[in-house]
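Structure, as structure tokens:
The values are calculated or read from the model by the stated rules, or taken from the named source; none is laboratory data. Keep in mind the model is a prediction, meaning the values are calculated, not measured. Here the Cβ is made from the backbone with ideal geometry for all residues, glycine too, and neighbour counts use every protein chain on show.
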Amino acid sequence: MTDTTPTLDLGPQAAVVARLAEGVTDEQLADPTPCPKYAVRHVLAHLAGLAVAFRDAGRQDLGVTTDTSPDSALPDLGPGWREELPKVLAELAEAWRDPAAWTGMTRAGGVDLPGEVAGLVATDELVIHGWDLARATGRRYDPDPAALRVCHDFLAASVDDPGRGAIFGPVVAVGPEASLLARAVGLSGRDPEWAPQR
């Protein structure tokens, strides 16, 4: 670990996402989200898939789950997703409570990367997709403050990265009075004012 990237307990943010998912009704699964190609069911399936991938990346248990690109297919939910999603989110958090997860090299989405970077990506995924899910379903969203700060700083550091366009959309500018969450959402390429068309 570097002096500027401490280990982070992903448990509180994983729990926020699990609570949001628990409140999704079957009728909302087909609703649109801030991710243009994803309905609510696809965001939930993506969260389940990334939880497994980053759980195994944190454990440095490399294989099919860490080698598969998230863009290889549109994710969709299995019949047991309501039981499976909170389980794998908790396992993700537990894997990253081990300081060793934040050291050395690992792999996620078929990309080799330092453990600390993988931990930051996992944090970003949980915070931003939590916002996607909350916005799509009309729920209040209060991300874990520590995870939100890490997510914002991670996204801010990527603004000038020439490879950023392969992962994030163009930055959406927000006003100076915007909340930290709105700034993070804008940095991720989403419009913080997005709302579903009813």
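Quick check on my filter: what residues within segment 95-111 are of a type outside the set (Gly, Ala, Ser), surrounded by fewer than 24 Cβ atoms within 10 Å (Cβ to Cβ) and touching a Leu at 6+ places or on another chain (Cβ under 9 Å)?
Result: Arg97, Trp102, Met105, Arg107.
Residues checked against (1) closer than 21 Å to Leu148 by Cα; (2) in contact (Cβ under 8 Å) with a residue 40 or more places away in the chain:
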{"residue": "Asp9", "(1), (2)": "yes, yes"}
{"residue": "Gln13", "(1), (2)": "yes, yes"}
{"residue": "Glu27", "(1), (2)": "no, no"}
{"residue": "Pro34", "(1), (2)": "yes, yes"}
{"residue": "Val64", "(1), (2)": "no, no"}
{"residue": "Gly78", "(1), (2)": "no, no"}
{"residue": "Glu84", "(1), (2)": "no, no"}
{"residue": "Glu91", "(1), (2)": "yes, yes"}
{"residue": "Thr106", "(1), (2)": "no, yes"}
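Restricting to segment 78-94, count the residues that are buried (at least 18 other Cβ atoms within 10 Å of the Cβ) and assigned to a loop (DSSP other than H, G, I, E, B).
Within segment 78-94, residues that are buried (at least 18 other Cβ atoms within 10 Å of the Cβ) and assigned to a loop (DSSP other than H, G, I, E, B) number 0.
Go through (1) within 30 Å of Gln28 (Cβ to Cβ); (2) surrounded by fewer than 16 Cβ atoms within 10 Å (Cβ to Cβ); (3) charged (D, E, K, R) for Arg135 and report which single condition fails.
(2)
Looking at (1) closer than 18 Å to Leu10 by Cα; (2) assigned to a helix (DSSP H, G or I), find the lone condition where Ala156 falls short.
Unmet condition: (1).
Checking the conditions here, which among Thr2, Thr33 is modelled with pLDDT under 95 and either over 14 Å from Pro143 (Cβ atoms) or surrounded by 21 or more Cβ atoms within 10 Å (Cβ to Cβ) (or both)?
Matching residue, one of Thr2, Thr33: Thr2.
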